[in-house]
Amino acid sequence: MMRYAYRALRYLAAVAGVSYWAIGFPLAHGDGNAFVGVKYWFSYDMPGDMFAFWFFHFVFAATAATIVSGAVAERCEFVAYLIYSFLLTGLIYPIVTHWAWSERGWLYQGISDSNGVNVSFQDFAGSAVVHILGGTCAFVGACFLGPRVGKIDIDGHVQQIKGHSVPLAALGGFILLLGFLAFNGGSQASISQQGDGEAVAISMMNTVISGSFGAFTGLVINKIGFLGNRQWSLLITLNAALTGMVSVCAGCNVYYPWAAAVVGAIGGAAFVCWSNLISKVFLVDDPLDATAVHLGGGMWGILAAPILSRDTGIVFQWSTHSFYQLAWNIVGLLAIAGWTAVWSIFMFGGLKCMGILRVSREIESKGLDIPKHGEAAYPVEAYGHGWGERGDALKALAAKCLKNMNMNSFSLVTGPKAYIDLQSNCENPEVQKRRKSLDDLDDIYVPGGYSAENGGSVNLGYISNSSDPYRRNNTRIIDVDVDDGDTRF
């Protein structure tokens, strides 16, 4: 079902393009007041030299929406994806952008310290504007949706639901790591002026360092067993690396490299703590740990910038101005999180009241690709190359094997390793090797009625050892029709 979330991401980007072009960019960067912009609706009267600026900030807006999709994955209604994406990229995010990144915004304009020196909000690449906002919305959405089926057992214990492909998750993580280089380096928004090249270079260098230290810290914490499972976890490492990069966003242009290492290491530790807090204390089901990565990393990042900024941070300059900077960043943190939380409560609460927030239990259990889109992410008939029995499509292979099975002889063995022993004369050696193994104790199939020697049907009864009462108490029959080598499931 995780593949449905990735399919939804493509639709989110489309919705974000429409909403940000029509109303988002005008609210964010159009001329206006300290609260909101009011110009460039549907890009009308927008000067040509702002088009590249529009594109860069559109990507930030779409990112804020995709953060939320990770927390609501595997059980959110498709129409809910569309609605929250439109509101987030067209209204909630753009107004925060105006506050922090527009010259007219109240956070950008800031306050004066006791010496009359201006203090402005410090968030170079979006630790607060993008990540705290996205993480807050993700947390509220996950709370309203509730946990996935089987995530919390009848005794209240949290169960692990594994994704369908760790290699694909790793690929997605590396793509994000590469994207952060463009996000943070590109936030300079210029490359031709004096000092631009140095600013871009130090931003990208610090992003790499912070992500690396975040990954290493998360890996070690998980291995030593402190809030971990004493394993070298690739998935923990990836998320900790992302958290390190989220954390460094606010000040990546003004950190010494050693400071970026500190920010990343603390960010990796923060991820592990936030992940355990959200899943095991709050019992909130966030499949991709979006809240821990973005809200947890963003909060640390927005606090770290005024503390570790080169030459002006608190560790370098114990002054009134540096503490005013920290205080103003805290004000921005609270304002952005509060604004997002209130809107998210109304948004997800409204969707839940209308009954369009979460899919039915049956659809969630079986998967959303077919009933919602009519398109399988991995069509069964696409398996294999079609040349010879070893490469036959899965259905044809199953038909050949069923027609040669002596279904009278079987035994069901349970224990640490469960398997079904079926006597088979199938010639395919792969089937001979695999027919006994069945490692997933939640899904055990045993033979029922059958007639498969010369065509007909085979019924396989379903039983379950799952702790989930829904899966345990709801059995089903799978009918397999065998007719001249063609099996229809």
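Here the residues ASP123, ASP311, ASP289, ranked from fewest to most Cβ neighbours within 10 Å of their Cβ, fall in the order ASP311, ASP289, ASP123.
Taken as Cα centroids, the stretch 62-91 and the stretch 332-369 sit 8 Å apart, rounded to the nearest whole angstrom.
What FRET efficiency comes out for the pair LEU234/ALA14, r = Cβ-Cβ distance, R0 = 35 Å, nearest 0.05? Computed FRET efficiency for LEU234 and ALA14: 0.65. Taking the three principal axes of the alpha carbon atoms in the stretch 313-372, the coordinate ranges are 60, 22, 14 Å, sorted in descending order. What is the stretch 2-369 by shape, rounded, prolate or oblate, if you read a ≥ b ≥ c off the alpha carbon gyration tensor as root eigenvalues and call it rounded for a/c under 1.5, prolate for a/b larger than b/c, and oblate otherwise? Note, shape of the stretch 2-369 comes out oblate. Of the residues HIS29, HIS321, HIS98, the one with the fewest other Cβ atoms within 10 Å heads the list, and the complete ranking is HIS321, HIS29, HIS98.
Look at TRP318, TRP274 and count the other Cβ atoms within 10 Å of each Cβ; fewest to most, that gives TRP318, TRP274. Note on SER112 and VAL315: the model spin-label points, each 7 Å out from Cα along the C-beta direction, lie 3.2 nm apart.
Calculated over the stretch 1-123, the projected area of the Cα convex hull averaged across directions stands at 8.6 nm². Shape call for the stretch 118-260 from the C-alpha gyration tensor, a ≥ b ≥ c root eigenvalues: rounded (a/c under 1.5), prolate (a/b greater than b/c) or oblate? Because a/c hits 1.5 or more and a/b exceeds b/c, the stretch 118-260 counts as prolate.
Pairs with C-alpha atoms separated by more than 22 Å, drawn from the list LYS39/LYS352; LYS280/LYS366; LYS162/LYS366, are LYS39/LYS352; LYS280/LYS366.
Readers should treat all values here as calculations from the given coordinates under stated rules, not as data from a laboratory. Keep in mind it's a predicted model, so treat the numbers as computed, not measured. Ideal geometry is used to build each Cβ from the backbone, glycine not excepted, and the neighbour counts take in all protein chains shown.
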